[in-house]
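The values are calculated or read from the model by the stated rules, or taken from the named source; none is laboratory data. Keep in mind the model is a prediction, meaning the values are calculated, not measured. Using ideal geometry, Cβ is built from the backbone for each residue, glycine included, and neighbour counts are taken over all protein chains shown. Only protein heavy atoms, including side chains, enter the accessible area calculation; ligands, DNA and RNA are left aside. Shrake-Rupley method; radii C 1.70, N 1.55, O 1.52, S 1.80 Å.
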Amino acid sequence: MNPVTHTTPPPVPATGPHPTDAVLVRHPGTVAGALLRLARPGQWPKNILVVSVPLLDPQSWSRAGLAGLGWAITAFTLASILVYVLNDLVDRRRDADNPARWHRPLASGRLSPRTATVFAAAVATALIAALTAQTAATAWPIAAYLLLNLGYSLGLKHVPLLDVFLVATGFVLRLVYGYLATGAPMPGWLLTAVFTLCLLLTLGKRRHELRSTGGEHRPALRGYTVPLTEQLMQLSAALTAGSYLLYLRDEAPLAGYASIAAVLLTPMAVFGLFRYLQLVLVHDVGGNPVRTLVRDPALVTNTALWAALSGGFLLAARGPW
């Protein structure tokens with residue numbers, strides 16, 4: 001007779017009710033970690049990258065311009081943290097029933113709404129302090145971003161199509177704030193390219209949500225289908241490529257190098273768009289656009305080469321020759 005062995009079964013994901021405001025799962029010593037997770041530091045690079053786009057213009061390469069850019073990144077990071085906390089507070093019950101989000105600090109009960117509210121008040125105080133040295137003409141994108149996200153959190157995110165447009169507008173406001181902070185002229189075609197690129201990334205995320213959850217956890221997904229998101233992604237990619245080409249031709253500070261820059265940089269930009277579409281539509285990624293962009297070797301290599309070549313053209317255009 002073979003001996004009977006007893007093995008411990010693998011843990012089964014919880015499917016029952018999740019913690020609510022009344023019943024909190026306490027984790028001693030993890031409040032600081034829960035607050036850090038609530039602030040979503042993994043999303044902060046978006047502020048650094050988008051707000052810093054004005055560095056493409058040599059006019060911002062000054063001590064005052066770099067200082068203004070540093071303050072802009074700090075202020076928008078604080079504003080985005082405030083938005084993340086508000087969004088998680090409003091959605092904590094819905095997130096508790098979402099298999100992809102129930103582990104968030106508020107949805108899981110690791111953090112109480114009261115603690116999150118106090119944290120949000122502290123972040124708001126720091127944001128106000130960061131904005132005191134700026135004028136209303138410079139700081140208005142922060143106010144617009146907060147108002148936009150207040151409406152988004154309170155219900156506009158449930159409106160199909162409008163939800164992705166609001167997310168993309170938030171990134172354009174980051175870009176506008178960077179230009180206002182540095183004093184560099186604002187290129188309209190570049191703003192358009194950033195807007196349509198953000199539409200592409202957000203639509204890729206919606207497609208992933210549709211395929212992974214069926215759209216049950218997000219009411220706005222009832223207005224989408226997988227084929228629709230794929231068509232809209234392709235349209236957004238085409239608009240991004242066209243807007244970027246027009247930026248290189250008409251607005252980029254490249255002096256006499258605009259033509260050769262367009263010839264060399266446009267294929268790299270188009271390859272990046274094609275590769276992202278391939279990753280989302282063929283390999284079914286896209287749930288976390290930031291992770292997709294920074295972890296795919298082909299995208300990272302292409303972006304590094306594009307950045308190096310763009311920097312070379314900018315330096316050449318600024319030089320005495």
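A few comments on the model shown:
- Solvent-accessible area assigned to carbon and sulfur over the chain amounts to 68 percent, based on a 1.4 Å probe.
- Crossing angle, helix 226-250 versus the chain [Cα axis fit, 0-90 degrees, rounded to tens]: 30
- GNM result for the chain, Cα springs below 10 Å: residue of Leu78, Leu221, Leu36 fluctuating most strongly: Leu36
- Spin-label model, Ile48 to Ala144: label points 7 Å out along the Cα-to-beta-carbon direction sit 2.6 nm apart.
- Solvent-accessible surface (1.4 Å probe) assigned to His283 amounts to roughly 100 Å².
- Length-normalised contact order for the chain - Cα pairs under 8 Å, 6+ apart - percent: 18
- Positive-end residue, the stretch 40-189 charge dipole about Cα centroid, Cβ charges, pick of Ala75, Leu173, Val90: Val90
- Averaging Cα coordinates gives a centre for the stretch 173-230 and one for the stretch 64-85; these two points are 20 Å apart.
- R0 of 35 Å, Cβ-Cβ distance Val118-Leu66: FRET efficiency to nearest 0.05: 0.55
- Helix 297-318 and the longest principal axis of the C-alpha atoms of the chain enclose an angle of approximately 30°.
- Cα gyration tensor category, rounded, prolate or oblate, for the stretch 158-288 with a/c compared to 1.5: oblate
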